[in-house]
Amino acid sequence: MTLNFVDQEIAIFPQLIGFSERLYRPKYRRLREIVIDYDLTDDPPTSHYEVVDLLSNMPNGFLRDPSFGLGVVKEMRPLIEAIESVEGVTRLVIGEFESTRVERGSFYLNAGEYRLLQQGISRTTRMYQEESLADRRLMAFNASLHRADPTKYPLRERPYKAGTVFKLLGGSKISAVTLRGQDRVGLLQALASNASAIADRDPAEFVQLQKDIEIVSLDKLIDAVRRRINRNSAESAWQSLLEINPFLLSMLFGQPVVLLQAGASVGGQRLTGHGTKIADFLTSNALTHNAALVEIKRPKTPLLNKTEYRGGVLGPSRELMGAVAQVLDQRYKLMTGIMGTKWNNRQIELEVPAVECVVVAGVIPKGEAEIASFELIRHSFKDVQIVTFDELLERLQLLRTLLAGDRYVSPVEDDARAWDDIYEASDHDRDDLGRPDDEDLDPTD
């Protein structure tokens, strides 16, 4: 230890003391010297007791007994570890008028910032010590009294504390956390049970929560649709996707619809039986119960003939005309056999005053002439709407954009401790961390 009465500084050289094979060796891996602003108004100490008395005014977080080799207490070790991660730094200087920086082998730390850090570490240490004591009491109770008489002494569990989930899931980086196993199940159950309370406390937050969930679902659905387009998936694959996500059918019709049956028989028999015609999807308007039919083809189904008819005009492909004729025939069979269908399917509500028809096939053609021809053709059909697979994908992406919008963030609750609270000064922060610890004797043991 050296005393600088001119600059009012004390320099300590932390060493290992006690029962250690590395006796009197440096205590830390790289850091050799710590210099601190110090009030040196008295004469230099001339005895061991005067040195001990001088060191009693060391800042909180430092060992005050030279018998333990000086340096920082165990709880402050993370500061040393952080500084030692800087290559070439062997000296720490803590000063009232220093700016925190690295300069020529020394790390300079503002004394005010050090005090805030020490207070935060001290409070965090006490907080977790209290939580550890509470957990130990719970374990002791459950292992003894509850074990002896579960009825009289019910199992005790740690009560919920506001802010716990936020901190455990990464604080400000919570959005990057991926939950697994029981954590995911538990959080979903807690969310479901608190949904009503969230809606009552902050309706805007509840709406945002719904949007967030819907956006995740949309992202998955958009990816599934894109993959099926790229793979030119068969009708069965699209049927499976639409059955799981029936709201896609509402997007096709632009109105709320109810899926009645996939692969529906429309010839007067039971919808799930063997009729004269099978439609990919039979739906109905959610309010009027007006029937609608959907016919699904492949993404690579050609929509136009390859040969120009005249002056850059292209006619409809054989596959497209076949799909249109097919869905119109299904409509005819449904309308003429509606009485039998309703008789055999009394559990459903279905009307046929104006049955709508949709064909989903192909993708938008390339080239101005091709696009113009396609638009002329599909808008000429009075009773059949033609939607391409890439248009369906575009509608999903547009919905996702509309849902995302500006994100609402709920204000922090009064009963939730913000992280900054641990840095508030308090009379209780006059720590008892000046005590030695086993690690201060030899941190390599």
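The values are calculated or read from the model by the stated rules, or taken from the named source; none is laboratory data. Please read all numbers here as calculations on a predicted model, not as lab measurements. So basically every Cβ, Gly included, is an ideal-geometry build from the backbone, and we count neighbours across all protein chains shown. Ligands, DNA and RNA are stripped out before the accessible areas are found, and what is left, the full protein with its side chains, is counted by its heavy atoms. Shrake-Rupley method; radii C 1.70, N 1.55, O 1.52, S 1.80 Å.
Rounded to whole Å, the principal axis extents of the Cα atoms in segment 317-417 read 68, 49, 18, largest first. Checking the Cα-Cα distances for LYS333/LYS366; LYS306/LYS382; LYS220/LYS300; LYS297/LYS333 against a 28 Å cut-off, the pairs over it are LYS333/LYS366.
Karplus-based coupling profile of segment 37-53, in residue order and whole Hz: 4, 9, 7, 10, 8, 7, 5, x, x, 10, 9, 4, 5, 5, 5, 4, 5, with θ = phi - 60° in 6.51 cos²θ - 1.76 cosθ + 1.60 and x standing for Gly or Pro. Is segment 1-63 rounded, prolate or oblate when judged by the Cα gyration tensor, a ≥ b ≥ c being the square roots of its eigenvalues, rounded requiring a/c under 1.5 and prolate requiring a/b larger than b/c? Verdict is prolate for segment 1-63.
A simple packing score, the average count of other Cβ atoms within 10 Å per residue, orders the peptides 369-379, 304-314 as 369-379, 304-314, with the highest score first.
Rounded to the nearest 10 square angstrom, HIS48 shows an accessible area of 110 square angstrom against a 1.4 Å probe. Amide H contacts under 5 Å for GLY71: LEU63, restricted to partners 5 or more places along the chain or on a different chain, H placed in the peptide plane at 1.01 Å from N. Gain on full extension, evaluated as 0.36 nm per residue between TRP343 and ARG400 minus their Cα-Cα distance, stands at 16.4 nm. Backbone amide hydrogens, once placed in the peptide plane, bring GLY315 within less than 5 Å of ASN305, TYR309, excluding anything fewer than 5 places away on its chain. Counting heavy atoms of the protein chains alone, ILE10 has an accessible area of about 0 Å² for a 1.4 Å probe. Taking every alpha-carbon pair in segment 1-150 and binning the separations at 5 Å intervals from zero gives 2, 8, 14, 18, 17, 13, 9, 5, 4, 4, 3, 2, 1, 0, 0 percent. For GLY362, nonlocal amide neighbours, meaning residues 5 or more places apart or on other chains whose placed amide H falls under 5 Å from its own, are ARG298, LYS300, THR301, PHE389. Look at where the Cα atoms of segment 110-127 and of segment 314-374 average out, and the two centres are 72 Å apart. When a/c reaches 1.5 or more, the comparison of a/b and b/c decides; with that in mind, is segment 78-153 rounded, prolate or oblate per its Cα gyration tensor? Here segment 78-153 falls in the prolate category.
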